[in-house]
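The values are calculated or read from the model by the stated rules, or taken from the named source; none is laboratory data. Here the structure is a predicted model, which is why all the values come from computation and not from measurement. Here Cβ is always computed from backbone atoms with ideal geometry, including for glycine, and neighbour counts include all displayed protein chains. Ligands, DNA and RNA are stripped out before the accessible areas are found, and what is left, the full protein with its side chains, is counted by its heavy atoms. Shrake-Rupley method; radii C 1.70, N 1.55, O 1.52, S 1.80 Å.
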Amino acid sequence: MKHTLPLNRPALMLTLASSLLLAGCDKAATPPTNEQTTIWPALNFPVAQDPAMEQAITELMTSMTLEQKIAQMIQPEIRDITVEDMRKYGFGSYLNGGGAFPNDNKYATPADWIALAEAMYQASIDDSLDGSKIPTMWGTDAVHGHNNVIGATIFPHNIGLGAANNPALIEQIAEATAREVMATGIDWVFAPTVAVVRDDRWGRTYESYSENPTIVHDYAAAIVRGLQGSADGDFLSERRVISTVKHFVGDGGTTGGIDQGNTEVSEAELYHIHAQGYVGGLQAGAQTVMASFNSWNGSKLHGDRYLLTEVLKERMGFDGFVVGDWNGHGQIPGCTNENCPQAANAGLDVYMVPTQAWKPLYYNLIAQVKQGVIAEQRIDDAVRRILRVKKRAGLFDKPSPAQRPLAGRTELIGAAEHRAVAREAVRQSLVLLKNNQQLLPLKPQQHILMAGSGADNIGQQAGGWTISWQGTGNTNADFPGGTSIYAGIRKQVTAVGGSVELSVAGSFQQKPDVAIVVFGEEPYAEGNGDLDNLEYQRSNKTDLALLKQLKAQGIPVVSLFISGRPMWVNPELNASDAFVAIWLPGSEGAGVADVILADANGKPQYDFSGKLSFSWPATPQQTAVNIGDTDYAPLLPFGFGLRYGDNNVLANDLSEDSSDATNPQELVIFERAPRAPWQLSLHSGNDSIAVSSSVQQLGSISSRTFDNQVQEDARRFEFAGTATASFSFGSAFPRDLRAFAGADSQLVVQLQRSGPVPDSVLLGMACGADCQASQNIAPALAAMPEGEWQTLHISLSCLQQQGLNLAQVFNVLTLESRGALNISLADARINSTTGSKALACQ
């Protein structure tokens with residue numbers, strides 16, 4: 001049982017936690033006295049170099065051509081290469097990005113994954129075209145279980161695991177993940193993420209275990225051991241996968257919490273705060289490190305030789321290889337996705353180069369070595385590191401993917417023992433923030449109302465990086481074997497004679513004894529989750545209205561809050577009798593029932609044990625409050641978490657004043673991807689489909705993501721012209737956008753056309769089947785230079801004049817074409833302060 005801090009003494013809690021933080025930094029790595037390495041000390045690695053292995057690598061490299069060496073440094077994506085490409089070029093590795101599947105099929109079976117792994121492997125060792133027999137390896141983002149595969153166990157996201165503060169449990173989770181990954185023939189996992197988040201507006205906050213680097217340090221070591229095995233045990237055996245600590249370094253410290261932004265900190269802070277996950281992970285034997293998208297004091301990490309080479313490889317002594325992130329090299333000043341010698345010279349060993357950019361990059365690197373732009377010694381160093389990892393992983397000796405011991409064992413995908421570990425992780429991750437009159441645990445013999453968008457929604461409770469990149473487009477049917485929160489509660493309640501009524505909107509046939517409302521953030525990933533402040537449901541507080549509606553009827557309310565970060569929810573806290581932060585629990589929602597429901601005798605089944613690994617904000621603007629700050633004054637401090645029987649700490653009348661929050665001047669619809677709550681859909685004739693993949697087609701319209709500025713940040717739509725077709729960004733529930741009813745508000749879209757434009761292209765919004773408004777933008781499109789991005793402005797007042805009701809908008813953007821059209825979208829938003837001239841009303 002974990003030690004419980006005295007809940008009525010937050011100052012003492014802060015003091016103890018601060019001491020742990022400082023002690024943890026000292027524990028992670030005590031800086032040596034040598035002035036040259038004061039900040040970045042040499043690490044102790046559990047895997048020493050084997051002279052015989054190094055000699056074998058030398059002999060192999062002696063026989064390799066420059067073309068074969070460069071191929072080892074190229075990592076394309078499965079949507080952009082064929083098996084024949086692998087046979088011709090012999091890539092050192094390849095990956096599937098989020099939302100990429102064998103045959104572009106979301107419902108690809110484990111057998112489909114194995115078939116692709118086997119085909120790529122056999123092509124890589126076929127020397128008939130490229131003269132190379134070096135086996136390739138497949139990397140995947142299995143960041144909370146094997147989350148790209150239908151039916152896999154989906155564990156809680158890292159933020160919830162941080163609240164559990166149990167490294168032994170983390171190691172179990174990693175072991176289970178490794179088994180499920182190996183069952184599909186994949187060798188390499190891009191985990192753990194070891195970011196230490198300083199500003200919770202960052203859209204990747206839920207990928208971080210904690211704001212405390214001690215937790216991150218210890219968890220990094222645990223997950224690396226779980227994925228790879230222990231160096232003195234089954235290290236990289238046939239039941240283990242290669243791990244990656246990422247993203248080096250400072251990704252969680254960007255100014256303003258902006259994804260891929262600039263981390264402006266001293267070198268000492270970079271090490272003591274942001275690098276502790278690497279200290280833990282590398283000393284546990286991690287074999288690869290992923291470079292970060294962010295900059296450090298203005299220098300892009302993919303091109304920072306000081307950090308990648310002098311610090312990571314030379315001072316810290318890392319002898320594995322550094323892999324890039326999704327076309328991250330293309331963000332280095334002077335580089336493009338197709339041409340970037342700067343990254344290799346900085347110390348990048350493997351270019352992650354999705355899209356067709358891999359081919360020109362490959363040939364450019366060859367030419368740059370021949371021209372002396374990149375030294376041959378640098379290429380040899382990179383290739384030696386890659387081959388060293390492959391040798392350590394036994395890839396030259398193991399059977400092919402389809403013949404490995406775990407390959408094809410479909411019973412491992414979502415295995416009962418794995419789900420049991422995930423359910424235990426859910427139990428330990430829950431944090432009780434409020435419990436008036438000891439309402440929890442609930443007696444299961446009662447009549448219980450389940451309400452809210454997350455009650456019976458496994459996709460919402462799983463969050464981003466789940467099947468699709470953004471975690472959107474999923475239904476409960478996409479989680480065979482999984483359990484929603486409602487299903488878990490219903491099973492336990494009905495087993496002892498109680499009853500449960502499900503109503504998302506909160507209506508009921510029989511007045512309940514208690515209502516459980518499950519609500520929170522919709523799924524998102526990476527920069528698509530960036531916020532400008534932490535107020536929950538800023539302009540349309542439908543969930544708060546539901547809580548108040550139930551309270552007004554005299555019904556006790558338990559709030560279960562789904563989120564990827566702490567948020568300002570003072571109004572929701574006031575409207576709740578009990579409030580639990582459940583984070584993003586994954587596929588095993590039954591773990592929630594285990595804690596909030598009593599047994600048949602009214603006794604707790606499991607007590608709350610989760611503690612906040614992130615400080616909870618006191619205001620919407622308290623976005624960067626972290627333990628150890630000189631002015632530390634959160635609503636709830638790091639380490640907080642009630643247990644059954646504890647007295648409440650929170651008042652019932654918390655301030656609901658958010659007047660200092662920024663007034664809504666902008667609503668993002670599409671920025672890199674649809675921004676929650678908006679879901680992209682395609683429509684052709686009478687058919688519609690939610691877009692859940694990077695490549696999708698319906699009738700006469702197709703959609704595909706592509707790289708404009710960063711990873712898959714734009715979408716191309718092709719209208720065949722054989723039928724009226726459209727795409728839309730909509731929500732299942734109407735959204736109140738009356739905050740944008742001012743005369744200056746505009747719908748702003750950044751578009752690019754290719755080819756001719758038909759006479760009618762309608763851009764607009766919809767508030768129901770008989771409540772639509774649009775403008776014909778065909779003349780404006782035709783006037784655009786072909787192939788260039790242009791921004792169009794549509795006045796919302798024009799649409800209102802046509803009858804658009806901003807109080808209940810279902811589709812915030814629709815674009816319809818009745819003829820052939822090729823058009824791309826890079827950005828879409830509603831803005832009330834652009835000052836730009838809009839198209840004339842029609």
Considering region 786-817, residues that are in contact with a strand residue (DSSP E or B) (Cβ under 8 Å, 6 or more places away or on another chain) and in a loop (DSSP other than H, G, I, E, B), and then whichever is nearest to SER731 (Cα to Cα), we arrive at LEU804
Test: ALA780 is of a type in the set (Gly, Ala, Ser), modelled with pLDDT of 95 or more, farther than 20 Å from LEU680 by Cβ and open to solvent by 10 Å² or more (accessible area, probe 1.4 Å): yes
Give region 818-837 a look and list any residue that's of a type in the set (A, V, I, L, M) and either open to solvent by less than 10 Å² (accessible area, probe 1.4 Å) or not in a loop (DSSP other than H, G, I, E, B) (or both), or say none. LEU821, ILE823, LEU825, ALA826, ALA828, ILE830
Within region 393-420, can you find the residues that are open to solvent by 30 Å² or more (accessible area, probe 1.4 Å), touching a helix residue (DSSP H, G or I) at 6+ places or on another chain (Cβ under 8 Å) and either small (Gly, Ala, Ser) or not in a loop (DSSP other than H, G, I, E, B) (or both)? ALA402, GLY408, THR410, GLU417
Looking at ILE555, is it touching a residue at least 12 places away in the same chain (Cβ under 8 Å), farther than 17 Å from GLU207 by Cα and of a type in the set (Val, Ile, Thr)? yes
Pick from THR62, THR82: which is among the polar types (S, T, N, Q), within 29 Å of the chain's Cα centre (by Cα), modelled with pLDDT of 95 or more and open to solvent by 10 Å² or more (accessible area, probe 1.4 Å)? THR82
With the requirement that a residue be surrounded by fewer than 24 Cβ atoms within 10 Å (Cβ to Cβ), of a type outside the set (A, V, I, L, M, F, W, C) and touching a helix residue (DSSP H, G or I) at 6+ places or on another chain (Cβ under 7 Å), what does region 332-377 give you? GLY334, THR336, ASN337, GLU338, ASN339, PRO341, GLN342, ASN345, TYR362, GLN368, GLU376
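Results for (1) buried (at least 22 other Cβ atoms within 10 Å of the Cβ); (2) without any contact (Cβ under 8 Å) to a residue 40 or more places away in the chain; (3) part of a strand (DSSP E or B); (4) of a type outside the set (Gly, Ala, Ser), shown as yes or no for each residue.
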position: PRO585; (1), (2), (3), (4): yes, no, no, yes
position: ILE627; (1), (2), (3), (4): yes, no, no, yes
position: THR630; (1), (2), (3), (4): no, yes, no, yes
position: ASN648; (1), (2), (3), (4): no, no, no, yes
position: LEU680; (1), (2), (3), (4): yes, no, yes, yes
Go through (1) under 23 Å from ILE170 (Cβ atoms); (2) surrounded by fewer than 24 Cβ atoms within 10 Å (Cβ to Cβ) for HIS274 and report which single condition fails. (2)
Going through region 58-90 one residue at a time, which ones are within 27 Å of ALA375 (Cα to Cα), part of a loop (DSSP other than H, G, I, E, B) and in contact (Cβ under 8 Å) with a residue 60 or more places away in the chain? MET64, THR65, MET73, PRO76
Taking region 501-510 and keeping residues of a type outside the set (Asp, Glu), open to solvent by 30 Å² or more (accessible area, probe 1.4 Å) and touching a residue at least 12 places away in the same chain (Cβ under 8 Å) leaves LEU502, VAL504, ALA505, PHE508, GLN510
Residue pairs within 7 Å by beta carbon, gap of at least six or interchain, first lying in region 251-262 and within 12 Å of GLY203 (Cα to Cα), second of a type outside the set (Val, Ile, Thr) and surrounded by fewer than 19 Cβ atoms within 10 Å (Cβ to Cβ), listed first then second, are THR254/ASN262
Considering region 240-284 alone, what residues qualify as being among the small types (Gly, Ala, Ser) and modelled with pLDDT under 95? GLY256, GLY257, GLY261
Count, please, the residues in region 477-487 that happen to be over 11 Å from GLY151 (Cα atoms), out of contact with any strand residue (DSSP E or B) (no Cβ under 7 Å at 6 or more places or on another chain) and open to solvent by 20 Å² or more (accessible area, probe 1.4 Å). 1
Looking only at residues in region 783-808 that are more than 27 Å from ASN822 (Cα to Cα) and among the aliphatic types (A, V, I, L, M), which one is surrounded by the most Cβ atoms within 10 Å (Cβ to Cβ)? LEU804
Residues satisfying the stated conditions in region 440-463, i.e. out of contact with any Leu (no Cβ under 8 Å at 6 or more places or on another chain), open to solvent by less than 40 Å² (accessible area, probe 1.4 Å) and assigned to a loop (DSSP other than H, G, I, E, B): SER453
Considering only residues that are open to solvent by 20 Å² or more (accessible area, probe 1.4 Å) and in a helix (DSSP H, G or I), which ones fall in region 525-542? THR542
Out of (1) in contact with a Pro (Cβ under 9 Å, 6 or more places away or on another chain); (2) open to solvent by 10 Å² or more (accessible area, probe 1.4 Å), the one VAL196 does not meet is (2)
Scan region 129-180 for residues that are within 30 Å of PHE91 (Cα to Cα), open to solvent by 10 Å² or more (accessible area, probe 1.4 Å), of a type in the set (A, V, I, L, M) and part of a helix (DSSP H, G or I) and jot them down. LEU129
Inside region 239-268, can you point out the residues that are outside any loop (DSSP other than H, G, I, E, B) and under 17 Å from LEU308 (Cα atoms)? THR244, VAL245, LYS246, HIS247, PHE248, ASP251, ASN262, THR263, GLU267, ALA268
Could you check how many residues of region 761-777 are outside any strand (DSSP E or B) and either loosely packed, with under 14 Cβ neighbours inside 10 Å or of a type in the set (A, V, I, L, M) (or both)? 4
Over region 466-504, the set of residues at positive phi and in contact with a Gly (Cβ under 6 Å, 6 or more places away or on another chain) is GLY471, GLY481
Condition met for VAL757 (part of a loop (DSSP other than H, G, I, E, B) and hydrophobic (A, V, I, L, M, F, W, C)): yes
Of the residues in region 288-318, how many are open to solvent by less than 10 Å² (accessible area, probe 1.4 Å), within 18 Å of LEU43 (Cα to Cα) and in contact with a helix residue (DSSP H, G or I) (Cβ under 6 Å, 6 or more places away or on another chain)? 2
